[in-house]
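Some notes on the structure that comes next.
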């Protein structure tokens, strides 16, 4: 019985030793960064953030200080704090314009805004406008990255929502008999209209609005 108890104690100490063993690294900053990444992979975001804060406060000029900033933005994104994540990614891009994975950063900025979109087009789509802006920046400046295909798909989806929103507003003006505003809106929509199924209806509405204005 004593022998069994002895081995159980030894086994317990071995488990504790394994669970508390730190990753290898040439510097303390590197070790902290690896610990943060491991904690993030386990969704232990608070503890990961504490490790990153230690890097930034104790080793601000370390190679890993820059990577800690980006990982912190990734943690905010993983926590679905998309507004804060967008701000963190933008700040990172502005402070590190020559970072070698800037395409990833810009894609994440775009995605942070995209994830803030409402489920229906009749609500505030400001986040969508911002997302399109950064998706286009990605496509223009980093056309060979793996993110371009998703970026174009997102742009098409958002622009469809924005177009439907403009038509919705124009229809509202028409229903409320504000024909001048409706006509102006419809005419603007026609300049960039992608949904060709709406073209005939909009042209008819423009004629009807003009008829009401002239009377």
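Please work out how much length the chain gains when fully extended from residue 152 to residue 120, using 0.36 nm per residue of separation minus the C-alpha to C-alpha distance, in nm with one decimal.
Length gained between residue 152 and residue 120: 9.5 nm.
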I'd like the distance between the alpha-carbon centres of region 160-191 and region 39-100, rounded to an integer number of Å. 43 Å
Mind pulling the angle between the C-alpha long axis of helix 199-214 and the longest principal axis of the chain? Nearest 10 degrees, somewhere in 0 to 90. 50 degrees
Between the Cα axis of helix 2-20 and the main Cα principal axis of the chain, the angle (0 to 90°, nearest 10) is 40 degrees
Please give the length that would be gained between residue 144 and residue 84 if that part of the chain were fully extended, namely 0.36 nm times their separation in residues minus their C-alpha to C-alpha distance (nm, one decimal). 18.8 nm
Could you tell me what a quarter of the Cα convex hull surface of region 43-120 works out to, in nm² with one decimal place? 5.5 nm²
Multiply the residue gap between residue 210 and residue 38 by 0.36 nm, knock off their C-alpha separation, and tell me the result in nm, one decimal place. 55.4 nm
Report, in degrees rounded to the nearest 10, the 0 to 90 angle that the Cα long axis of helix 126-141 makes with the longest principal axis of the chain. 70 degrees
Pairs of alpha carbons in the chain whose separation is greater than 22 Å (percent): 65 percent
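Send over the per residue convex hull volume for region 96-205, Cα only, as a whole number of Å³. Walk me through the numbers before you get to the answer.
On the way: hull volume 12.7 nm³, N = 110.
Spelled out: Cα convex hull of region 96-205, divided by residues, is 115 Å³.
Taking neighbour counts of Cβ atoms within 10 Å as a proxy for exposure, in what order, fewest first, do 37, 51 appear?
Numbers: 37 16, 51 21.
Final ranking by Cβ density, sparse to dense: 37, 51.
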What is the distance, in nm, between label points placed 7 Å from the Cα along the Cα-to-Cβ direction at residue 101 and at residue 66? 1.3 nm
Mind listing the Cα extents of region 27-79 along all three principal axes, in Å, largest one first? 27, 16, 13
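Values quoted throughout were computed directly from the atomic coordinates according to the rules given, and no laboratory measurement underlies them. For clarity, every value in this text was computed on a predicted model and none was experimentally measured. As a convention, Cβ positions derive from the backbone with ideal geometry for all residues, glycine included, and neighbour counts pool all protein chains shown.
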